[in-house]
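So the structure is just underneath, and the comments pick up after that.
A short reminder: the numbers here are calculations on the coordinates, not readings from a lab. Keep in mind that this is a model prediction, so the values were computed, not measured. Neighbour counts run over all protein chains shown; Cβ positions are idealised from the backbone, glycine included.
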Amino acid sequence: MSNAPLMPKATAVWLVENTSLTFDQIAEFCKLHPLEVKGIADGEVAAGIKGHDPITSGQLTREEIAKAEQNANHHLQLAVSKVRLPEMKRQRGARYTPLSRRQDRPNAILWLVRNHPELKDAQIMRLAGTTKTTLDAIRNRTHWNSAALSPMDPVTLGLCSQIDLDFEVNRAAKERPAAVIDRGQTLVPAEVTTAARETPVNETSVFGDATRPVLADEDEEDLDVNSVFGKLKTLK
């Protein structure tokens, strides 16, 4: 409700009782319907509400009210506060978990423990909205319902957002000391596997005693061809 006074109904009650402003002027200033202001004047609406003085609270001036009483077409304006209050920074407290999601919290904790072991306990507690006792019980398998727990993504369960999860994982990865990762056996480079292996075989040329290296694959192909021709001769 923009540009509306504090406690609009209580302010309307005070203006109805203490001024001669029209219902339309009061309704426009308090952001109410004119019929609602008329109901306040008739005692049918806001029964039991104590009027709030807008002059004492610094929302209206006497001059502004007097000007509006003399001119029914004048629109009341909120008084500009001379005191500038600093903006209150909202402190981020514990994450609230809806009742319908609290039963899934242990499953989310188990998922975080298994899939992101780099996360610290404080980070898991922030993401899942849990306590240190519950986290230790699930990690050590001493939770009362450990046998029935199944890991579930906390983002899917609505316990945290994907942005929060990625932020905590990236921060944990940066704080974790770099270590040499043993990746086990790796593939041999393609240059080694595709290189032609030459087997030095001395073969006498028809035109002299010159020798040339013969590839192992070529020798095998020659052997296969000779064996084939040999089988054909026996068949004849």
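Couple of notes before you dig in:
- Relative contact order, whole percent, for region 8-70 stands at 41, derived from Cα pairs under 8 Å and 6 or more residues apart.
- Using 0.36 nm per residue and subtracting the Cα-Cα separation, the extra length available between Asn71 and Arg102 on full extension is 5.2 nm.
- Gln162-Ala148 pseudo-label distance in nm [points 7 Å out on the Cα-to-Cβ vector]: 3.1 nm
- Taking every alpha-carbon pair under 8 Å whose residues sit at least 6 apart, region 99-175 reaches a relative contact order of 43 percent.
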